[in-house]
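To start, the structure itself, in structure tokens.
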DNA sequence: GGCGAACTGTTTGTGCACCAACTATTGGTA
DNA sequence: TACCAATAGTTGGTGCACAAACAGTTCGCC
């Protein structure tokens with residue numbers, strides 16, 4: 001009979017691929033992000049770059065470390081990503097005079113202007129998914145729970 | 001007032017980073033998969049490789065295309081991944097005599113034996129997450145919904 | 001003032017993930 | 001039979017994700 005020590009004892013095959021939450025997460029993330037691709041591609045953005053732009057449209061300037069905290073990317077990922085955004089002309093990276101170590105990331109006019117195009121994206125995604133906003137918010141709530149659980 | 005055509009009209013800022021479901025999915029997937037890393041690393045597996053092994057422990061042999069359907073990876077991703085698994089000695093890839101195009105992926109004894117170690121992983125993850133199995137199953141159910149929505 | 005630890009971001013290496021172009025094989029059909 | 005289209009997997013290019021090593025700057029502290 002099930003015991004407290006073995007929460008999986010009621011499950012027939014714990015190694016079954018199609019009931020791994022990690023697999024569901026990986027596939028769901030890729031599937032949903034894939035929906036953004038055709039929308040972002042005309043803007044010249046990848047999905048992680050889009051997330052960085054979202055962060056900057058909210059607050060600016062941001063140091064690389066702050067940006068990394070916001071979008072949950074480590075500096076090794078962010079550093080080349082930001083260079084690509086700078087090459088696109090959406091951001092500038094400028095050294096802080098007071099602390100030459102840190103880099104302030106700011107939007108260019110082009111980067112700021114891009115926000116108008118971006119506003120079309122969330123409704124387009126919701127429409128494409130054809131799920132109720134309530135359902136999406138409920139999923140989101142549960143995602144935050146599992147993120148909290150995984151990172152504590 | 002809200003209309004049917006604009007399901008997001010009740011939301012203050014549709015571009016707010018921290019309420020993007022795509023962002024939640026990306027972070028959740030990375031966080032959870034990150035929990036597997038220390039468990040898989042001693043086995044010499046990455047997480048996608050682990051998923052491939054799960055598929056093979058269920059059914060074998062599998063052609064590359066079948067494997068791709070199961071683990072939802074395209075052949076361009078799978079091809080080098082399988083070579084690495086073969087280099088590790090966990091699988092073999094053998095040409096089908098009847099159809100020289102297709103490649104049958106089979107487990108080696110070493111690959112089959114690895115399953116015993118793998119059995120420790122799901123309970124370890126559930127314990128580490130410290131979430132109820134019910135809650136995880138509910139999340140999983142919702143993930144399957146969004147996958148279905150995104151891929152139809 | 002000078003030394004060492006802490007901090008900020010960069011670089012390098014490995015491995016996914018996706019796409020497009022490619023090779024080889026097979027199967028249908030004229 | 002000879003060709004053409006479809007199929008199966010490989011390769012190369014770009015970009016993310018992560019880890020480890022690195023370089024420059026700042027700060028505490030003697």
Orientation-averaged projected area, Cα convex hull of chain B (nm²): 12.6 nm²
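Return the FRET efficiency for the residue pair residue B:96, residue B:152: r is the Cβ-Cβ distance, R0 is 35 Å, and the value is rounded to the nearest 0.05. Each step should come with its number before you reach the end.
On the way: r = 32 Å, r/R0 = 0.93.
So, using R0 = 35 Å, E works out to roughly 0.60.
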Alpha-carbon centroid distance for the pair segment A:18-82 / segment B:44-100, whole angstrom: 28 Å
In degrees, nearest ten, helix A:133-151 long axis to first principal axis of chain A (Cα): 90 degrees
C-alpha long axis of helix A:21-40 to longest principal axis of chain A, angle in °: 30 degrees
Per residue, the convex hull volume that the Cα atoms of segment A:66-152 enclose (Å³): 144 Å³
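When the Kirkwood radius is taken over all Cα pairs of segment B:112-152, what Stokes-Einstein diffusion coefficient follows at 4 °C and 1.567 mPa s, in µm²/s? Before the final figure, lay out each step's value.
On the way: Rh = 12.1 Å.
Estimated diffusion coefficient is 107 µm²/s.
Report relative contact order for chain B in percent, whole number only (criteria: Cα-Cα under 8 Å, sequence separation at least 6).
Relative CO of chain B lands at 16 percent.
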Angle in degrees between helix B:75-88 and the longest Cα principal axis of chain B, rounded to the nearest 10: 50 degrees
Test item: B:128-138 mean partner chain Cβ contacts at 10 Å: 4
Least to most buried among B:70, A:120 (fewest other Cβ within 10 Å first): A:120, B:70
Chain A, rotation onto B, residue closest to that axis via Cβ, with its distance in Å: A:29, 2
Rotationally averaged projected area of segment B:1-91 (alpha carbon convex hull; nm²): 9.0 nm²
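Going from the alpha-carbon gyration tensor of the protein assembly as shown, what semi-axes, largest first and in whole Å, does one get by taking the root of 5 times each eigenvalue? The partial results should precede the final answer.
Numbers: eigenvalues 275, 110, 87 Å².
For the protein assembly as shown, the ellipsoid semi-axes come out as 37, 23, 21 Å.
Could you tell me the convex hull volume per residue, in Å³, taken over the Cα atoms of segment B:63-104? Walk me through the intermediate numbers first.
Details: hull volume 2.8 nm³, N = 42.
Value for segment B:63-104: 66 Å³ per residue.
Read the figures in this text as sums done on the coordinates, not as results from a lab. What you are looking at is a predicted structure, and each value in this text was computed from that prediction instead of being measured. Cβ atoms come from the backbone with ideal geometry, glycine included; neighbour counts cover every protein chain shown.
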